[in-house]
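First up is the structure itself, then whatever we jot down about it.
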Amino acid sequence: MQIEETALPGVMVLTPQRHGDARGFFSESWNRQTLQAAGLDLPDFVQDNHSLSAQPGTLRGLHYQAPPMAQGKLVRCGRGALYDVAVDARLGSPSYGQWVGVTLSAANGRQLWIPPGFLHGFVTLEPDTEVIYKCTQYYSPEHDGAVRWDSVGIDWGVEAPLLSEKDRLAPAFVQWESPFTHEGKA
């Protein structure tokens, strides 16, 4: 497994090795022992989610779950392509409010690890894009929240995305009170 750090500490791109032939490919998308041997010890996953977005330009995010139900996510694309984004929302973090984006596709097999304390969102780049992600915490409606998609300066590559009502009405980042703190804060 190839592990790449991003500009945001803790957010990583994981690219599993693919074994292919004329039939297609096989890939081991998650293996705790392999990642531990590479020096990466991710928390346990308790829930898998799978979404389908029929139209390109569908934007979901920026989402989070507040503590004590904060979620880490390992995101990959099962079909199509998406631009996946993580935003540091940890008060006191040197990278607070900064974001990183990565293209994930069925073709490239890349995965994005987003630790708890980060906002998450994505925009689909192809029709019928499927997003599959593992979560470190169960879904909790009372801890669920969103920040407005266009309030952090992210270049989504789309001017008029298809949004849910929740995402359309979410508060802007500067108006939002983050429930997260940076562990390294003095």
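The values are calculated or read from the model by the stated rules, or taken from the named source; none is laboratory data. What you see is a predicted model; the values in this text were computed from it and never measured. Here the Cβ positions follow ideal geometry from the backbone for every residue, glycine too, while neighbour counts run over all protein chains shown. Ligands, DNA and RNA are stripped out before the accessible areas are found, and what is left, the full protein with its side chains, is counted by its heavy atoms. Shrake-Rupley method; radii C 1.70, N 1.55, O 1.52, S 1.80 Å.
Among the residues of region 67-111, those identified as open to solvent by 50 Å² or more (accessible area, probe 1.4 Å) and over 15 Å from Glu177 (Cβ atoms) are Pro68, Arg76, Arg79, Pro94, Gln98, Trp99, Thr103, Ala107, Asn108, Arg110.
Table: residues versus (1) touching a Lys or Arg at 6+ places or on another chain (Cβ under 9 Å); (2) not small (Gly, Ala, Ser).
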| site | (1), (2) |
| --- | --- |
| Phe45 | yes, yes |
| Leu62 | yes, yes |
| Pro67 | no, yes |
| Gln71 | no, yes |
| Gly78 | no, no |
| Val85 | no, yes |
| Ile114 | yes, yes |
| Glu130 | yes, yes |
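The residues of region 68-100 that are farther than 10 Å from Phe118 by Cβ and in a strand (DSSP E or B), listed by number, are Leu74, Val75, Arg76, Cys77, Gly78, Arg79, Ala81, Leu82, Tyr83, Asp84, Leu91. Is it true that Ser53 is within 16 Å of the chain's Cα centre (by Cα), open to solvent by less than 80 Å² (accessible area, probe 1.4 Å), of a type in the set (Gly, Ala, Ser) and under 20 Å from Pro115 (Cα atoms)? No. Selection of region 77-117 for residues being under 20 Å from Trp30 (Cβ atoms) and of a type in the set (Phe, Trp, Tyr) yields only Trp113.
If we keep just the residues of region 101-133 that are in a loop (DSSP other than H, G, I, E, B) and under 13 Å from the mean Cα position of the chain (by Cα), which is farthest from Asp167 (Cα to Cα)? Spell out how you get there, then give the answer.
In the first step, residues of region 101-133 are kept if they are in a loop (DSSP other than H, G, I, E, B); the result is 106-110, 115-117, 125-128.
Next, from what is left, pick out any that are under 13 Å from the mean Cα position of the chain (by Cα): 110, 115-117.
Numbers: Arg110: 26, Pro115: 21, Pro116: 20, Gly117: 19 Å.
Only one residue fits best here, namely Arg110.
Going residue by residue through region 56-66, is there one that turns out to be open to solvent by 70 Å² or more (accessible area, probe 1.4 Å), over 22 Å from Ala7 (Cα atoms) and of a type in the set (S, T, N, Q)? Within region 56-66 (the criterion being open to solvent by 70 Å² or more (accessible area, probe 1.4 Å), over 22 Å from Ala7 (Cα atoms) and of a type in the set (S, T, N, Q)), the answer is no, since none of the residues qualifies. Selection of region 13-44 for residues being surrounded by 15 or more Cβ atoms within 10 Å (Cβ to Cβ) and of a type in the set (Phe, Trp, Tyr) yields only Trp30.
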